[in-house]
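The values are calculated or read from the model by the stated rules, or taken from the named source; none is laboratory data. On a predicted model such as this, the values are computed, not experimentally measured, just so you know. Cβ placement follows ideal geometry from the backbone for every residue including glycine, while neighbour counts extend to all protein chains displayed.
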Amino acid sequence: MVVLAIGVAALVLAACGGGDDSGNATAANAGPSSGIVSTQDVDGMNVLADSDGRTLYSADVEKGGMIKCVDACTSFWDPVSASAKDAKSASSDLDMDFSLVKRPDGARQLAVDGQPLYRFSEEGPGKLEGDGFTDDFKGTHFEWSAATTGGGNSSSGSGGSSSGSGGYSSPGGY
């Protein structure tokens, strides 16, 4: 009876296990990687993505590393935390200008060409829904653009917008 139980357990484990195909549709579109950041093709655009395949974004209002996305903003736009080693590795591996900026809370955030990088919390891997998205927090207007492999941001957006006096408002289905 013990041999039968072990055999059944082995069969179940073999059926649940898998090869290298994890079912991640974005893996085939992935490009070079530094560990913390990689390049990938999303909807025909070469963008920077985090280690989970989520597109990275920046906002022109933060050019030069001037952090304005704080408090409620960070509940929708998650800052990409990094170390000096991460930034150096990304710069070397991807041949781009990665650096760190210091957030008001003292945390270090990854930046490309001086622009802080974020993940859109309403979006999963391999998506580009935050590109062109606009919102307002604490009187500051943000227009979010996907960080592209050419450095900086995309020039066109496909995202939605929100309005309000200092927060986020759900734009059509989010």
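The table for this structure:
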read-out: Residue list for region 67-112, filter: within 21 Å of Thr140 (Cα to Cα), part of a loop (DSSP other than H, G, I, E, B) and either of a type in the set (Asp, Glu) or at pLDDT below 95 (or both); value: Asp105
read-out: Failed criterion for Gly64 (all others in (1) touching a Gly at 6+ places or on another chain (Cβ under 6 Å); (2) at pLDDT 95 or above; (3) within 14 Å of Gln115 (Cα to Cα) hold); value: (2)
read-out: Residues of region 52-66 satisfying the condition of being within 17 Å of the chain's Cα centre (by Cα) and under 17 Å from Gly106 (Cα atoms); value: Glu62
read-out: Criterion violated by Arg103 - all others in (1) under 18 Å from Ser81 (Cα atoms); (2) in contact (Cβ under 8 Å) with a residue 40 or more places away in the chain; (3) not hydroxyl-bearing (Ser, Thr, Tyr) satisfied; value: (2)
read-out: Residues that are under 18 Å from Lys68 (Cα atoms) and either of a type in the set (Ser, Thr, Tyr) or free of Cβ contacts under 8 Å to residues at least 12 places away in the same chain (or both), drawn from region 111-148; value: Tyr118, Ser121, Thr134, Thr140, Ser145
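Per-residue answers, yes or no, for (1) touching a strand residue (DSSP E or B) at 6+ places or on another chain (Cβ under 8 Å); (2) farther than 20 Å from Gly130 by Cβ; (3) buried (at least 17 other Cβ atoms within 10 Å of the Cβ):
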| residue | (1), (2), (3) |
| --- | --- |
| Glu62 | yes, no, yes |
| Ile67 | yes, no, yes |
| Cys73 | yes, no, yes |
| Ala84 | yes, yes, no |
| Ser89 | no, yes, yes |
| Pro104 | no, yes, no |
| Ala111 | yes, no, yes |
| Gln115 | yes, no, yes |
| Arg119 | yes, no, yes |
